[in-house]
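Just so you know, all these numbers are worked out from the coordinates, no wet-lab data involved. For clarity, every value in this text was computed on a predicted model and none was experimentally measured. Here the Cβ positions follow ideal geometry from the backbone for every residue, glycine too, while neighbour counts run over all protein chains shown.
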Amino acid sequence: MILPGATLGMIGGGQLGRMFTIAARSMGYQVIILDPDPHSPAGTIANQHIQADYHDHAALDMLGDYCAVVTTEFENIPLSSLTRLQQHCPVRPAPETIAMTQDRLLEKEYLDEQDFPTVAFYSIQTAEDLEEAMDAFEGPGVLKVAHPSYPGQGQHAVETFDEALDAFQEMGEKPCILEERIFVTKRLSVILARSINGDIESYPVSENEYIRGILDLSLAPARIDDETADNAVDMACDLADKLDYCGVLSVELFLTDEGDLLVNTIAPRPHNSGHFTVDACTTSQFEQQVRTLCSLPPSDTQLLLPVAMVNLMGDLWANGTPHWEEVFEESRALLHLYGKRDIRSGRKMGHINCLADDVESALDIATSLRTKLAP
């Protein structure tokens, strides 16, 4: 076990790193952040901020020498950097798992090999591959670049081969995956924590709504029947076991109109759809990240109250400063801002957790606040 007083490393200094740092420091750990941004949200509150590129060998060696163990804030860290760090200290989750989730095609192929249900998909390397795949679908699809730089980016809904070809060329004819577009009744996610010894604690299934590929709202518990919820959790736990995973894992799923669950994607880290855990659960996903990183057992995940989590995007600031007083006048609404200096459209700036006695009431509070906040 790595106990309080030790130094933990995090590659990446965004909002997930910030919330990890808050959890770790409150538990008595020191935190070093490696991030190139001099004003990174996590770097400003960590014990030390190494301002350097993720490929910087000297910076990686420094981080590895100073830390008892290192984790990552997001997927797109070079595998070579992670393997270099491993020469100095443990890296969790395993670099090979992180690398697999960087590639949408590799991830889907792994899920298929392990018999997890997914939408039908094709590997697209050339325009000829694209034409064959669109012919096979005989209907609409979603073309996604295999290596996205950010979740929600690099994907286009396409109806015809001509549309798909235009999208393929717009994305620079990079390797892509074409997925069948299906009717989805709900988008769900399961957040779980798995220890180095294989102990798992999972959170209640959340129900998620997206706008332009970016999470907008999460509800917990999801408005689904108990059997579907149990199946979703079982599927996520089975996946974590097969990966021999250590850390916090997010598994996003589709629920079809026929009641089938399909694995959409996985994230080897805390997830935006799990931010409700900070205020609504016994233990937050970020404390679980610290625990699993340090070879400690994961803690209780009980949902204390139903909750609606609403994302605050940069667009909210378009006409001035939001009316924060509206949040503070709502006794069960809890504001979390990420300390980002630059406000941009589509950028995640914070979130609000709205607690209530039932999930519909929590949703009503969140919906009302969103309207009142806009200047």
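Obtain the radius of gyration and the Kirkwood radius of region 238-375 from its C-alpha atoms and give Rg over Rh.
That ratio is 1.01, to two decimals.
In 5 Å bins starting at 0, how do the alpha-carbon pair distances of region 110-234 split up by percent?
P(r) for region 110-234, in whole percents per bin: 2, 9, 16, 17, 18, 15, 11, 8, 4, 1, 0.
Arrange the following residues from fewest to most other Cβ atoms within 10 Å of their Cβ: Val158, Val327, Val248.
Val327, Val158, Val248
Multiplying the sequence separation of Asp61 and Asp226 by 0.36 nm and subtracting their Cα-Cα distance, what value in nm do you get?
Full extension of this stretch gives 54.6 nm more.
Rounded, prolate or oblate: pick one for region 268-309, where a ≥ b ≥ c are the square roots of the eigenvalues of its C-alpha gyration tensor, a/c under 1.5 means rounded, and failing that, prolate if a/b is larger than b/c, else oblate.
Since a/c reaches 1.5 but b/c is at least a/b, the shape of region 268-309 is classed as oblate.
To the nearest µm²/s, what D does Stokes-Einstein give for region 89-154 at 25 °C and 0.890 mPa s, using the Kirkwood radius over alpha carbon pairs as Rh?
Diffusion coefficient, whole number: 180 µm²/s.
Relative to the present Cα-Cα distance, how much length would full extension add between Ser299 and Ala120 at 0.36 nm per residue of separation?
Length gained, Ser299 through Ala120: 60.8 nm.
What per residue convex hull volume, in Å³, do the alpha-carbon atoms of region 14-94 yield?
83 Å³
Order by neighbour count: Thr282, Thr97, fewest other Cβ atoms within 10 Å first, most last.
Least to most surrounded, the residues fall as Thr282, Thr97.
Taking 0.36 nm per residue of sequence separation and subtracting the Cα-Cα distance, how much length would be gained by fully extending the chain between Asp342 and Ala318, in nm to one decimal?
Result for the pair: 7.4 nm of gain on full extension.
Please compute the alpha carbon radius of gyration of region 40-142, then divide it by the globular-protein estimate 2.2 N^0.38 Å. Two decimals is fine.
1.48
Give the longest segment of the chain that steers clear of chymotrypsin sites (Phe, Trp or Tyr not before Pro) in DSSP loops with at most 14 neighbouring Cβ atoms within 10 Å, not counting the sites themselves.
With a cap of 14 other Cβ atoms within 10 Å, the longest stretch comes to 1-182.
Quantify how much of the Cα-Cα distance distribution of region 120-180 extends past 18 Å, in percent.
18 percent
Quick one: Kirkwood hydrodynamic radius for the chain, alpha-carbon pairs, angstrom, one decimal?
That comes to 21.4 Å for the chain.
Given points 7 Å out from each Cα along the Cα-Cβ axis, report the Glu131 to Glu96 separation in nanometres with one decimal.
Placing both labels 7 Å along Cα→Cβ, they lie 3.9 nm apart.
Using each residue's phi in region 48-57, evaluate 6.51 cos²θ - 1.76 cosθ + 1.60 at θ = phi - 60° and report the 3J(HN,Hα) Karplus result to the nearest Hz, with x for Gly and Pro.
Whole-Hz 3J(HN,Hα) from phi for region 48-57: 8, 10, 8, 8, 7, 6, 5, 9, 5, 5.
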